[in-house]
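Participant: Before we start, here is the structure in question, set down as structure tokens.
Read the figures in this text as sums done on the coordinates, not as results from a lab. Please read all numbers here as calculations on a predicted model, not as lab measurements. Backbone-built Cβ (ideal geometry, glycine too); neighbour counts: all protein chains shown.
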Amino acid sequence: MGFLRLGLGSSPLRTEHERLVRTALKRGDEAPEIPEGVRLEGSYSARAIEIAREAWRARALHEHQSACVFSRLLPQLIEAEASVEYKTVVLRAAMDEIRHASLCLDLVRYLGGVPELEADLVTQPLPEHAGASARERVLRNVIFASCLSETISTSLLAEEREMTTEPRIRRVVEQLSADEILHAKLGWALLGEWLPSLTDDERAGLCRYLPLALGAIEEKMLGAMPLPPPIPEALREELAALGAVDGRDGREILYAVIEDVIVPRFEELGLPGKKSWAEKRAA
Ligand SMILES: [Fe+2]
Ligand SMILES: [Fe+2]
């Protein structure tokens, strides 16, 4: 166990970090970082604030773990001879995720909490997919991390963006949303570019992987969106305003995005999306 804290240190790299946030990682006109001392504009019950604070705290860990996934994709992209834009964008995605985690903890502070969380900070290596070629290996991992995970996040965030009315929180949700769109694009672009030149073995390997990946993402997302006990409608609305969408709504979006976006996209690319979703199974 350890503490995840994302406050800036006082090292000579601090200015460079701030420059990156202002330039390379920028979206829109106003940076979403929340300065100390800024107060919530709306008024909310103590219960809503507490639940929203814990939701953002839990999200920080998830965002931070995604940074490891993207940075670990770099060596696999190098081994598979991906063109340079995939390598730079994957590192941008890793930086985005660290920033997302910082923004989540900013929101914890904004909601009156201590911006840190105690968690198991051990990270997991990416699957090696024994026997797969370098291209198939990275495509499998990109399918999971980008085409599935990030496409689902994009839809969840689009819903949150609609419902979050507290302005500072909304700005954070907008940054997350814009970044996740790029993170999903990375996977679909690589898959679309490489599919036509895959060998029969590589393509067959990907087709075998799809039901496993779909089963695993379903399990992972359901785990990340537990069903809370039913709550009064007024509290539910307050939570939505604070960017904490109910797990029930999240689960509905999960199935809609898999069935209406992801499966058809695989089919368009000539991959067996429908059959794989019907056969999905957790590894
Ligand atoms: Fe993220
Ligand atoms: Fe992301």
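Participant: Contour minus end-to-end for T199 and E85, with contour as 0.36 nm per residue of separation and end-to-end as the Cα-Cα distance?
Facilitator: Using 0.36 nm per residue and subtracting the Cα-Cα distance, I get 38.7 nm.
Participant: By count of other Cβ within 10 Å, fewest leading, how are E279, E174 ordered?
Facilitator: Lowest to highest Cβ neighbour count: E279, E174.
Participant: I would also like to ask the following. For the chain, which DSSP H helices look membrane-span-like by this rule: Cα extent along the axis of 27 Å or more and mean Kyte-Doolittle of at least 0.0?
Facilitator: The qualifying helices are 84-110, 200-224.
Participant: Rounded, prolate or oblate: which fits the range 122-173 when a ≥ b ≥ c are the square roots of the eigenvalues of the alpha-carbon gyration tensor, with rounded for a/c under 1.5 and prolate only if a/b beats b/c?
Facilitator: Prolate.
Participant: Tell me whether the range 1-49 comes out rounded, prolate or oblate; compute the Cα gyration tensor, take square roots of the eigenvalues as a ≥ b ≥ c, and use a/c under 1.5 as the rounded threshold.
Facilitator: In terms of gyration-tensor shape, oblate.
Participant: By the gyration tensor of its Cα atoms, with a ≥ b ≥ c the square roots of the eigenvalues, what is the shape of the range 98-206: rounded for a/c under 1.5, prolate for a/b over b/c, or oblate?
Facilitator: oblate
Participant: Give me the lysines in straight-line cross-link reach of K185: C-alpha distance below 23 Å, same-chain residues under 8 apart excluded.
Facilitator: Partners within reach: K26, K87, K220, K274.
Participant: Report the relative contact order of the range 41-278, percent, no decimals, based on alpha-carbon pairs under 8 angstrom and at least 6 residues apart.
Facilitator: 23
Participant: Follow-up question, since we're still on this one. Treating the beta-carbon of each Lys and Arg as +1 and of each Asp and Glu as -1, no other charges, what is the dipole magnitude of the range 41-278 about its Cα centre, to the nearest 20 debye?
Facilitator: For this selection, approximately 240 debye.
Participant: Restricting to DSSP H runs of at least four residues, report the calculated mean residue ellipticity at 222 nm for the chain, -39500 (n - 2.57) per run over all residues, nearest 500 deg cm²/dmol.
Facilitator: Helix contribution divided over all residues of the chain: -21000 deg cm²/dmol.
Participant: Enter the Cα centre distance for the pair the range 201-259 and the range 26-73, rounded to the nearest angstrom.
Facilitator: Cα centres, the range 201-259 to the range 26-73: 19 Å.
Participant: Based on Cβ point charges of +1 for Lys and Arg and -1 for Asp and Glu, what charge dipole magnitude is obtained for the range 184-283 about its Cα centre, in debye rounded to the nearest 20?
Facilitator: For the range 184-283, the charge dipole is close to 280 debye.
Participant: Quickly work out the T165-to-V261 label distance, labels modelled 7 Å from Cα along the C-beta direction, and quote it in nm with one decimal.
Facilitator: Using points 7 Å along Cα→Cβ, the separation is 2.5 nm.
Participant: Restricting to DSSP loop positions (anything but H, G, I, E, B) with no more than 12 other Cβ atoms inside 10 Å of their own Cβ, which trypsin sites (Lys or Arg not before Pro) remain in the range 182-283?
Facilitator: R281
Participant: In debye to the nearest 20, how big a dipole does the range 22-145 give about its Cα centre with +1 on each Lys and Arg Cβ and -1 on each Asp and Glu Cβ?
Facilitator: For the range 22-145, the charge dipole is close to 160 debye.
Participant: Can I ask one more? Taking the beta-carbon count within 10 Å as an exposure proxy, list H100, H129 from fewest neighbours to most.
Facilitator: Ordered by Cβ neighbours within 10 Å, fewest first: H129, H100.
Participant: Let me ask something else. Sorted from largest down, what three extents in whole angstroms do the Cα atoms of the chain have along their principal axes?
Facilitator: On the principal axes, the chain reaches 59, 49, 38 Å in Cα extent.
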